[in-house]
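Accompanying notes for the structure given below.
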Amino acid sequence: MVASFWYSRFNKVGEILKSFYEHVSRSSGHIADYLVFLSLAEQAQSYPWAYIDYGFRVPVYRTLQWLYFTIKPDLDGFIKWIKRSRKRGWALGRYLVSEIYRQLSKEYVFLWSEVMGVAHGDEDTLSKLSKIIKEVLGMEKEPIELERMAFEDLAGLKNELKACYVLIDRRKPFLPFSIMQAPIVPSHVRPGLSSGDIYLFEENLVVDIKGGWIDSKTKQPTYYYNSKYNLSMELKRIADLHYLYGIRKAIGVVADEEKHIHLAIYVPWRLSREEGSLLHLKSIKPPLLVYMNKSTDKGIEPHKAEIKGGELTVSIDAYLLDNELKIDEKTVSLKIIGEEELEAEYSEARVSGRKLQMIFGRRGGVDKVFEVNNVMLAVLNVKLEDLNETLSYPILLYKT
């Protein structure tokens, strides 16, 4: 089913382009001529990278912009009600709604980073992809031999998405450049170091993302692929103003630990070994999913709640990513955000494989918690005992 979906989507894209450009070809003479010239130029660019980029990278970042829920609750109306009902309610409501979308984005990029990880350093997987491209495009030579960097770029997408995960989690404003390289192509167009994966607004930096590991001495992410490609050499390379055209360039290194993802940002005006990174961020890997696991062919469903006889019952569906996570009344709690903050008591957890359903209940004080369009916000707190930390998941509840 999954493979058929992607096949159908890109077939439909082809049908749309075919029909539209057939229409344009029948327009006034000079426009039709222009389209012929452009199409021939595109036809000559039948290289593997084009198919890898448009097929794998673009859908991820484009979808990231449009993630939403199957219902469209009047969250603005809910926020206005919160504002009337509580002190500083508008700020709280806006904050919780933004937190929901932040959580949704974090889960989305994390899962794609895991899926893209199948190609990370796996020669068998990359070789299989190369054979598929060769067969579909009717190429004589192995595509991976012609464009090795394109295939390594696919593997590198894992690290890029992990960097996005950390930046979203740590609330760092950034812009992914992967699918929009044009804004940083210099006016004197010359291939080289002016491109990058991510732009950091606060630091005003264009960052190339690399995969690495934690240095045993500095305790910061680093990498050393070979004598030509390593952190020190590439920092020297991006220090060459002849290539940068005034662009502030940095190297971002992503490194996995068992429970954390690290992202360090290095710049050429700091000695990496002596002064360390300009920025070192660390995020806990998500122990469970509360949104992406509720994806359907119509969108992402909210969690459900029910009120009967003055009793509130909340059902939160999750997907366990960390098998060591314990689910009981000591590790999970739920807070309902209404006219007042109401604590819902943990009742039970139903586990089936990695699928998890947590049930919470509350008696009394629940009559008005769904005042606006059957929508309510809540916060699920999950205590990570092994890390001595507590994660908070913003929850969108919909009255059934």
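The values are calculated or read from the model by the stated rules, or taken from the named source; none is laboratory data. The structure presented is a predicted model; accordingly, all values stated were derived computationally and were not measured. Methodologically, a virtual Cβ is constructed for each residue, glycine included, from the backbone with ideal geometry; neighbour enumeration extends over all protein chains shown. Side chains included, ligands, DNA and RNA excluded: accessible areas come from the protein's heavy atoms. Shrake-Rupley method; radii C 1.70, N 1.55, O 1.52, S 1.80 Å.
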Residues being over 28 Å from the mean Cα position of the chain (by Cα) and at pLDDT 95 or above - total across region 243-284
0
Find the residue count for region 349-379, including only residues that are touching a residue at least 60 places away in the same chain (Cβ under 8 Å), more than 28 Å from D169 (Cβ to Cβ) and open to solvent by less than 80 Å² (accessible area, probe 1.4 Å).
4
Every residue in region 273-306 that is β-branched (V, I, T) and touching a Ser or Thr at 6+ places or on another chain (Cβ under 8 Å), please.
T296, I300
Breaking point among (1) open to solvent by 60 Å² or more (accessible area, probe 1.4 Å); (2) part of a strand (DSSP E or B), for V382:
(1)
Among the numbered conditions (1) part of a strand (DSSP E or B); (2) within 30 Å of N381 (Cβ to Cβ), tell me where D208 comes up short.
(2)
Within the set of pairs 6 or more residues apart or between chains, which connect a residue that is under 15 Å from E114 (Cβ atoms) inside region 277-291 to a residue that is open to solvent by 20 Å² or more (accessible area, probe 1.4 Å) and of a type in the set (F, W, Y) with Cβ atoms less than 7 Å apart?
L288/Y319; L289/Y319
Please tell me if E202 is modelled with pLDDT of 90 or more and assigned to a loop (DSSP other than H, G, I, E, B).
yes
Filter region 22-49 down to the residues that are aliphatic (A, V, I, L, M) and open to solvent by less than 60 Å² (accessible area, probe 1.4 Å), then identify the one that is nearest to L137 (Cα to Cα).
A41
Residue check, K134 open to solvent by 40 Å² or more (accessible area, probe 1.4 Å) and touching an Asp or Glu at 6+ places or on another chain (Cβ under 7 Å):
yes
Hey, can you tell me all the residues within region 51-77 that are assigned to a helix (DSSP H, G or I), farther than 20 Å from S295 by Cβ and at pLDDT below 80?
D76, G77
Report those strands (runs of 3 or more DSSP E) wholly inside region 250-364 carrying at least 2 residues which are among the charged types (D, E, K, R).
303-308, 311-320, 341-352, 355-363
Unmet criterion (only one of (1) polar (S, T, N, Q); (2) in contact (Cβ under 8 Å) with a residue 12 or more places away in the chain; (3) open to solvent by 30 Å² or more (accessible area, probe 1.4 Å)) for S315:
(3)
